[in-house]
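Let me begin by presenting the structure, written as structure tokens, before commenting on it.
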């Protein structure tokens with residue numbers, strides 16, 4: 001497996017050589033756009049004002065100010081603000097693992113020790129695990145500075161790139177959540193009973209399957225073999241008369 005970033009973890013005066021690997025991937029088969037005769041579509045870079053195709057050499061970046069007005073940014077302009085790669089995950093602070101709100105997590109990566117960094121890597125991993133801490137710091141990757149969180153995960157360090165605070169939409173902006181309805185006592189009791197009945201000690205991620213991806217793969221397999229794909233009929237769910245009826249019937253099942 002090829003690493004996506006090589007550098008070091010900066011931990012006080014300690015420098016730990018590491019490699020970073022993607023921890024997740026998209027399992028859905030890639031689908032391409034085709035014409036009705038099965039030929040792959042090619043998209044052109046088209047200027048609707050000048051009514052012509054534009055070459056890559058002519059393409060520039062720009063920020064839209066209004067419907068027909070842009071601030072054009074030259075390549076030289078963007079070079080001025082380009083962040084130099086420090087090849088270092090700079091740890092700024094440690095916090096309890098419970099302090100990381102999942103809403104800030106952007107993407108996950110495995111961090112592994114590189115040549116000469118194994119001893120210091122597992123020392124840091126062990127110390128963080130014993131103290132139940134995660135590390136918060138910064139990393140320059142893909143020409144952008146990221147906030148990152150490092151935490152122990154199955155005998156390794158898992159790194160999350162995090163959203164900045166101004167990238168997270170405040171919950172107060174969701175109008176439907178401003179007027180909260182108070183539940184009835186009976187509804188609340190039944191809801192708590194149902195939650196307790198459905199509760200488990202740990203999340204069983206392995207029991208969940210992406211049924212759409214599985215069906216898509218079966219569809220591709222059938223079409224490639226010149227066969228018809230059979231659609232499985234879904235079970236009909238009868239609507240309950242009220243919320244209390246729904247909770248009561250759910251508890252019986």
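The values are calculated or read from the model by the stated rules, or taken from the named source; none is laboratory data. From a predicted model like this one, the values you see are computed outputs, not experimental measurements. Cβ: placed from backbone, ideal geometry, glycine included. Neighbour counts: every protein chain shown.
Checking residue 143 against (1) at pLDDT 90 or above; (2) more than 23 Å from residue 102 (Cβ to Cβ); (3) within 20 Å of the chain's Cα centre (by Cα), which test does it fail?
In the conditions (1) at pLDDT 90 or above; (2) more than 23 Å from residue 102 (Cβ to Cβ); (3) within 20 Å of the chain's Cα centre (by Cα), residue 143 misses (1) alone.
Considering the range 69-104 alone, what residues qualify as being surrounded by fewer than 12 Cβ atoms within 10 Å (Cβ to Cβ), free of Cβ contacts under 8 Å to residues at least 12 places away in the same chain and in contact with a strand residue (DSSP E or B) (Cβ under 6 Å, 6 or more places away or on another chain)?
71
Kindly establish whether residue 109 is touching a helix residue (DSSP H, G or I) at 6+ places or on another chain (Cβ under 9 Å), surrounded by 13 or more Cβ atoms within 10 Å (Cβ to Cβ), within 28 Å of residue 168 (Cβ to Cβ) and assigned by TED's automatic domain parsing to the domain that holds residue 18.
Values: touching a helix residue (DSSP H, G or I) at 6+ places or on another chain (Cβ under 9 Å): no; surrounded by 13 or more Cβ atoms within 10 Å (Cβ to Cβ): yes; within 28 Å of residue 168 (Cβ to Cβ): yes; assigned by TED's automatic domain parsing to the domain that holds residue 18: yes.
When the stated conditions are applied, residue 109 does not pass them.
Could you check, for the range 117-132, whether at least one of its residues is surrounded by 19 or more Cβ atoms within 10 Å (Cβ to Cβ) and part of a loop (DSSP other than H, G, I, E, B)?
yes
Can you tell me which residue among 190, 219, 158 is surrounded by 10 or more Cβ atoms within 10 Å (Cβ to Cβ), touching a residue at least 60 places away in the same chain (Cβ under 8 Å), outside any loop (DSSP other than H, G, I, E, B) and not assigned by TED's automatic domain parsing to the domain that holds residue 110?
The conditions single out 190.
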